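Have a look at the structure below, then the notes.
Derivation of every value follows stated rules applied to the coordinates shown; laboratory data play no part. These numbers were taken from a predicted model, which means no experiment stands behind them. As a convention, Cβ positions derive from the backbone with ideal geometry for all residues, glycine included, and neighbour counts pool all protein chains shown.
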Amino acid sequence: MNGKRVISYFLLTLISFKMLVVPFVYLDFELRKEFIIKNLCENRFKPQLHCDGKCYLAKQLHKVAEGHAREEAQKQQDSFKKITQEVFDELHLTLFIVQITFAERLFFVHYLPPTSSEFVTSLLRPPAFVLS
């Protein structure tokens, strides 16, 4: 029971981390705003633009969005590969079965399906009674 709880907390933490990446970027920006304005801002030498580090924040948010988009594209590509692999495996199996049945017809000539007259005579027999 305790192991299940630990695993569930771990998975919840992973899901929460993925959801909270953007708020962490904002939190990091707010906590280090003065340092970002003085050292990391692209427009730090142009104070008349009043950028105040928003360019750095926009870059960080763009990186996060790009990472999410790349992950989604990778997931879609993986699922597409999986689906096409399953379809082609099924197609290969079907073609293999058709090939086997064709080979059986070529090489096993002694097997012939019963003709219609044999089929009818096998059906139209009087019932067999067993005396005990």
Checklist outcome for this item: The pairs in LYS38/LYS63; LYS4/LYS82; LYS18/LYS63; LYS18/LYS75 lying past 24 Å Cα-Cα in this model are LYS4/LYS82
Next on the checklist: Test of understanding: ordering TYR56, TYR9 by Cβ neighbours within 10 Å, fewest first, what list do you get?
Outcome noted: TYR9, TYR56
